[in-house]
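The values are calculated or read from the model by the stated rules, or taken from the named source; none is laboratory data. Just so it is clear, the model here is predicted, and its values are computed rather than measured. Cβ coordinates were reconstructed from backbone atoms using ideal geometry, including for glycine residues, and neighbour counts include every protein chain displayed. SASA here: full protein model, heavy atoms, side chains in, ligands and nucleic acids out. Shrake-Rupley method; radii C 1.70, N 1.55, O 1.52, S 1.80 Å.
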Amino acid sequence: MRNLFLLVVMLGLAACGSKFRSYDGPEVTQLLVVKSERRLYLLHNAEVLKTYDIGLGFAPSGHKQYEGDGRTPEGMYFIDRRNPSSKYHLSVGVSYPNEFDRALASELGKRPGGDIFIHGRGPSWKKTMPKDWTAGCIAVDDRDIEQIYAMVQDGTPILIRP
């Protein structure tokens with residue numbers, strides 16, 4: 001009986017430590033990033049379901065033009081993938097680059113880059129790091145990405161505004 005009790009307690013503690021959450025609320029129909037506010041909004045139609053503080057690329061002003069410029073893209077994209085094994089805790093992918101982004105980078109003789117994600121901070125993040133520290137991604141707290149990962153489905157539009 002004691003062993004059964006210990007097993008139940010251990011399983012309960014393991015479940016509490018999981019980074020994977022469940023969500024059964026209203027569907028997230030769009031994500032809105034307002035770079036100047038450093039905010040991410042999860043929307044159900046016109047209703048704001050959740051709001052998060054964010055960090056951006058290390059050169060946050062302006063639209064991403066090419067790989068390595070440190071900017072976070074601006075425009076309409078989609079959530080197109082998820083990474084449960086991200087080195088930044090969890091992450092959901094943004095469909096950058098689109099056709100426009102590839103053409104812009106090509107005109108500059110550069111590659112557009114890719115691998116833009118909304119992600120957590122991960123274990124290497126330190127409090128002394130600047131607010132905008134990514135290579136162009138959108139960063140949130142680890143607890144926040146757990147909620148976002150559970151709430152947002154692949155195919156959901158994301159509008160990133162200046």
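Condition check ((1) aliphatic (A, V, I, L, M); (2) modelled with pLDDT of 95 or more; (3) in contact with a helix residue (DSSP H, G or I) (Cβ under 8 Å, 6 or more places away or on another chain)) across all residues:
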residue	(1), (2), (3)
Thr29	no, yes, no
Leu49	yes, yes, yes
Gly57	no, yes, no
Pro60	no, no, yes
Arg71	no, yes, no
Ser95	no, yes, no
Checklist entry - Limited to the range 92-108, what total is found for residues that are open to solvent by 10 Å² or more (accessible area, probe 1.4 Å), not small (Gly, Ala, Ser) and not in a loop (DSSP other than H, G, I, E, B)? => result 5
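Answer yes or no as to whether Pro112 is over 11 Å from the mean Cα position of the chain (by Cα), in contact (Cβ under 8 Å) with a residue 24 or more places away in the chain and closer than 23 Å to Asp53 by Cβ. Spell out how you get there, then give the answer.
Working: over 11 Å from the mean Cα position of the chain (by Cα): yes; in contact (Cβ under 8 Å) with a residue 24 or more places away in the chain: yes; closer than 23 Å to Asp53 by Cβ: no.
No: the conditions fail for Pro112.
Restricting attention to the range 92-104, and to residues there that are of a type in the set (A, V, I, L, M) and within 13 Å of the chain's Cα centre (by Cα), which single residue is farthest from Gln147 (Cα to Cα)? Break it down into steps so the answer makes sense when it comes.
Pass one, the range 92-104, residues of a type in the set (A, V, I, L, M): 92, 94, 103-104.
If we keep only those that are within 13 Å of the chain's Cα centre (by Cα) as well, we get 92, 94.
Details: Val92: 11, Val94: 17 Å.
The extreme case among them is Val94.
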Next on the checklist: For Lys127, only one of the following conditions fails: (1) surrounded by 13 or more Cβ atoms within 10 Å (Cβ to Cβ); (2) part of a loop (DSSP other than H, G, I, E, B); (3) at negative phi. What is its number?
Outcome noted: (1)
Next on the checklist: What are the pairs with Cβ atoms under 6 angstrom where one residue, in the range 119-131, is at pLDDT 85 or above and the other, located anywhere, is open to solvent by 80 Å² or more (accessible area, probe 1.4 Å) and basic (Lys, Arg)? Sequence gap at least six, or different chains.
Outcome noted: Gly122/Lys87
Checklist entry - For the range 130-151, which residues satisfy the criterion of being open to solvent by less than 20 Å² (accessible area, probe 1.4 Å), part of a loop (DSSP other than H, G, I, E, B) and closer than 13 Å to Arg38 by Cα? => result Cys137, Val140
Item to check | Selection status of His89, open to solvent by less than 70 Å² (accessible area, probe 1.4 Å) and within 10 Å of the chain's Cα centre (by Cα) | outcome: no
Checklist entry - What are the residue pairs meeting all of these: first residue in the range 47-62, first residue within 13 Å of Ile148 (Cα to Cα), second residue open to solvent by less than 30 Å² (accessible area, probe 1.4 Å), Cβ atoms under 6 Å, and 6 or more apart or on different chains? => result Leu49/Leu42; Lys50/Leu42; Tyr52/Leu40; Tyr52/Val140; Ile54/Leu40; Ile54/Ile138; Ile54/Val140
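Would you check which residues across the range 109-120 are surrounded by 13 or more Cβ atoms within 10 Å (Cβ to Cβ), part of a loop (DSSP other than H, G, I, E, B) and out of contact with any Asp or Glu (no Cβ under 6 Å at 6 or more places or on another chain) and list them? First the steps, then the outcome.
Of all residues in the range 109-120, those surrounded by 13 or more Cβ atoms within 10 Å (Cβ to Cβ) come to 110-120.
Subsequent filtering for residues that are part of a loop (DSSP other than H, G, I, E, B) retains 110-116, 120.
Scanning the range 109-120 gives Lys110, Gly114, Asp115, Ile116.
At least 2 residues that are open to solvent by 50 Å² or more (accessible area, probe 1.4 Å) and farther than 13 Å from Ile118 by Cβ in each: list the strands (runs of 3 or more DSSP E) lying fully within the range 18-81 that qualify. Give the steps one after another, and end with the answer.
Details: elements: 30-34, 39-44, 47-53.
Filter on the range 18-81 gives 47-53.
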